[in-house]
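The structure appears below as structure tokens.
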Amino acid sequence: MTVVTRFAPSPTGFLHIGGARTALFNWLYARHHGGVFRLRIEDTDRQRSTKEAIEAIIDGLKWLGLDWDDETVFQFARAPRHAEVAMEMLKQGKAYYCYSTPEELDQMREAAKAAGKPMRYDGRWRDRDPKDAPTGVKPVVRLKAPTSGETVVHDKVQGEVRVANEQLDDMVLLRSDGTPTYMHSVVVDDHDMGITDVIRGDDHLTNTFRQLQIYQAMDWAPPSFAHIPLIHGPDGAKLSKRHGALGVEAYRDMGYLPEALRNYLLRLGWGHGDDEIISTEQAIQWFDLDAVGRGPSRFDFAKLDNLNGHYLRQTDDERLAQDVAQRLSVAGDTTIEHRLIAGMAGLKARAKTLKELAENARFYTLTRPLSPDDKACAQLTGGGSRVLKELRERLAAAPTWIAADLESEARAFAEAKGVKLGQVAQPLRAALSGATTSPPIFEVMQVLGREETLGRIDDAVGAGG
RNA sequence: GUCCCCAUCGUCUAGAGGCCCAGGACAUCACCCUUUCACGGUGAAGACACGGGUUCGAAUCCCGUUGGGGACGCCA
């Protein structure tokens, strides 16, 4: 049987990091088994669902490179079908109309709380004659759930989980306005869409019991389930905004590469021996549910940064330069763009994110004169300035303008002056980059070119006195 | 509160009874490389939550305790 998985987000916000991982696992599982990965937007909450959220989710999935098959299913559009199934259950005596008012339910809730028991609908309309129905009250449709025995889930990650049916009550299938509840629509949609494997967050594990009861009532074969643990914040508690509960677009803006985020998310809760850097091809080949861990894991930016740095260094210079030019608003300036491409080799070993890369690259994009920072200014006073003045003459006469030769010039100069190379290189760095740290300075000179280099030295020498 | 789930270095994890006085990665620290900062290299420190069993032998199996998480809606 062909594997069919799905990602079923509700469009009430961005595609957050936990959802992204759920989508990734579903996608990998389907691709690994040569199956189908589908997308269903659960937009039945008309109040909270927005068009913007739908777009954010779709953009996020595309950015992450998680492509889905077939058409996207919008759950709300299927409401008539959900109602139809509920009616069928009513006809077969598997469901019933319940006329209890919200007030009555509140009373039950409070009574249950006072008694230290969980809220359970007491089934007061379960076997009542429909003729008793009060007028003017629109009923909900409730499932006639089994009252004894137990319901068991054979979960691919959590193993066999069982619960006594007394713990469960008769849940609402259709609201009094005739719209389906989440529990009901999920089951009908998964069935109709031919989903074979439901892979979702751990928070749905207890929902599964109730959903299983609907499958049983309809005599449908349930899919197999896999509940993956949730992602927590660094403190072990629920992931907060501050700690990473952000939309994937926020990660893009912070300068993370989609391949790095994918690799990071994959390793969160799943492992393959000692492998850390895992390409998408390998992931598809290796991924399976049996290696998914059962405990929740904590989100760690430091590890994401490290992974991102790794992928950054693998990425070709043009792509990086283009992103940097965009971030620094200099895209289209070909001189600058060429400089960025030429300087990228030295730049990319020094950054963890594209954002950091852009900040480090800024000095390449500046127009003279630069405004050196405090530490750089300190390099440009007194001795530093004198060294630069003399070095400038020698550089102006340099026969070539390539890094290795420029370094030889500087070394010869330092030796002649009886100073360490650092005493030459640091003022030079301050003059050319406006800072005390930069890519290798002779590489910077080559990238900047003779004219710009000499000009920046002149600016610095003049300003430094 | 009730039900359900989980538990190896600070973090992510390897480990499916002897290969483990527990391996890798990130982070930390030291050293090397070096014109700065990185990258890279070498090394150090660092964990089986606790208590009982089972077994010749347990990180691995069972029970309990503790700790964490999740679910208890006419939200999804």
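Here A:ASP203 meets each of (1) in a loop (DSSP other than H, G, I, E, B); (2) exposed (fewer than 15 other Cβ atoms within 10 Å of the Cβ) with one exception, condition (1). Scan the stretch A:47-62 and give yes if some residue there is assigned to a loop (DSSP other than H, G, I, E, B), among the aliphatic types (A, V, I, L, M) and closer than 30 Å to A:VAL248 by Cα, otherwise no. Checked against the condition, which is being assigned to a loop (DSSP other than H, G, I, E, B), among the aliphatic types (A, V, I, L, M) and closer than 30 Å to A:VAL248 by Cα, the stretch A:47-62 yields no hits at all.
Each residue in the stretch A:245-259 was checked for being surrounded by 22 or more Cβ atoms within 10 Å (Cβ to Cβ) and closer than 13 Å to A:ALA20 by Cβ, and 3 of them qualify. Filtering the stretch A:2-9 for residues that are under 19 Å from the mean Cα position of the chain (by Cα), assigned to a helix (DSSP H, G or I) and not hydroxyl-bearing (Ser, Thr, Tyr) leaves an empty set. Looking across the stretch A:357-370, the residues that are assigned to a helix (DSSP H, G or I), touching an Asp or Glu at 6+ places or on another chain (Cβ under 9 Å) and not hydroxyl-bearing (Ser, Thr, Tyr) come down to A:LEU357, A:ALA358. Taking each residue of the stretch A:1-21 that is more than 21 Å from A:ASP70 (Cα to Cα) and modelled with pLDDT under 95 and looking for partners that are of a type in the set (Lys, Arg) and not in a helix (DSSP H, G or I) with beta-carbon atoms closer than 8 Å, six or more apart or interchain, yields A:THR12/A:ARG48. For the stretch A:88-105, the candidate set comprises residues that are within 13 Å of RNA strand B (Cβ to nearest atom) and of a type in the set (A, V, I, L, M, F, W, C); within that set, the residue that is farthest from A:TRP220 (Cα to Cα) is A:LEU105.
Inside the stretch A:407-424, residues that are in a helix (DSSP H, G or I), out of contact with any Pro (no Cβ under 9 Å at 6 or more places or on another chain) and near RNA strand B (Cβ under 10 Å from one of its atoms) make up a count of 7.
Scanning the stretch A:425-438 for residues that are more than 6 Å from RNA strand B (Cβ to nearest atom) and either within 35 Å of the chain's Cα centre (by Cα) or surrounded by fewer than 20 Cβ atoms within 10 Å (Cβ to Cβ) (or both) yields A:SER433, A:ALA435.
Filtering the stretch A:167-200 to residues that are among the small types (Gly, Ala, Ser), within 8 Å of RNA strand B (Cβ to nearest atom) and modelled with pLDDT under 95 leaves only A:SER176.
For the stretch A:84-129, residues that are at pLDDT 75 or above and on the phi > 0 side of the Ramachandran plot total 1.
Checked against (1) of a type outside the set (Asp, Glu); (2) near RNA strand B (Cβ under 10 Å from one of its atoms); (3) surrounded by fewer than 12 Cβ atoms within 10 Å (Cβ to Cβ), A:ALA112 passes all but condition (3).
Consider A:ILE231 carefully, then state whether it is modelled with pLDDT of 95 or more and within 14 Å of RNA strand B (Cβ to nearest atom). Against the criterion (modelled with pLDDT of 95 or more and within 14 Å of RNA strand B (Cβ to nearest atom)), A:ILE231 does not qualify. If you check A:VAL419 against the conditions, is it crowded, with 18+ Cβ neighbours inside 10 Å and more than 22 Å from A:HIS338 (Cα to Cα)? Taking the combined requirement at face value, the residue does not satisfy it. The residue list A:THR436, A:THR453, A:THR367 contains one member that is among the polar types (S, T, N, Q), touching a helix residue (DSSP H, G or I) at 6+ places or on another chain (Cβ under 7 Å), without any contact (Cβ under 8 Å) to a residue 60 or more places away in the chain and closer than 29 Å to A:VAL324 by Cα, which is A:THR453.
Summed over the stretch A:328-351, the residues that are surrounded by fewer than 16 Cβ atoms within 10 Å (Cβ to Cβ), aliphatic (A, V, I, L, M) and under 16 Å from A:LEU448 (Cβ atoms) give a count of 1. Return a yes/no flag: does the stretch A:325-332 have any residue that is part of a helix (DSSP H, G or I), more than 16 Å from RNA strand B (Cβ to nearest atom) and either among the charged types (D, E, K, R) or in contact with a strand residue (DSSP E or B) (Cβ under 8 Å, 6 or more places away or on another chain) (or both). Yes; the residues of the stretch A:325-332 include at least one that is part of a helix (DSSP H, G or I), more than 16 Å from RNA strand B (Cβ to nearest atom) and either among the charged types (D, E, K, R) or in contact with a strand residue (DSSP E or B) (Cβ under 8 Å, 6 or more places away or on another chain) (or both). Would you check if A:ASP235 is part of a helix (DSSP H, G or I) and more than 20 Å from A:TYR96 (Cβ to Cβ)? Against the criterion (part of a helix (DSSP H, G or I) and more than 20 Å from A:TYR96 (Cβ to Cβ)), A:ASP235 does not qualify.
Quick check on the stretch A:207-214. Is at least one of its residues surrounded by fewer than 17 Cβ atoms within 10 Å (Cβ to Cβ), without any contact (Cβ under 8 Å) to a residue 40 or more places away in the chain and near RNA strand B (Cβ under 10 Å from one of its atoms)? Yes. Restricted to the stretch A:66-170, the set of strands (runs of 3 or more DSSP E) holding at least 2 residues that are farther than 27 Å from A:ILE228 by Cα and not charged (D, E, K, R) comprises A:95-98, A:140-143. Evaluation of A:ASP155 against the conditions (1) charged (D, E, K, R); (2) buried (at least 18 other Cβ atoms within 10 Å of the Cβ); (3) under 38 Å from the mean Cα position of the chain (by Cα); (4) away from RNA strand B (no atom under 12 Å from the Cβ) shows that the sole unmet condition is (4). Out of curiosity, is A:ASP189 farther than 19 Å from A:PHE7 by Cα and either buried (at least 20 other Cβ atoms within 10 Å of the Cβ) or free of Cβ contacts under 8 Å to residues at least 40 places away in the same chain (or both)? No. Counting residues in the stretch A:394-406 that are surrounded by fewer than 20 Cβ atoms within 10 Å (Cβ to Cβ), within 16 Å of RNA strand B (Cβ to nearest atom), aromatic (Phe, Trp, Tyr) and not in a helix (DSSP H, G or I) gives one or more.
The values are calculated or read from the model by the stated rules, or taken from the named source; none is laboratory data. Quick caveat: nothing in here was measured; it's all calculated off a predicted structure. Positions of Cβ are generated from backbone atoms using ideal geometry, with glycine treated the same way; all protein chains shown enter the neighbour counts.
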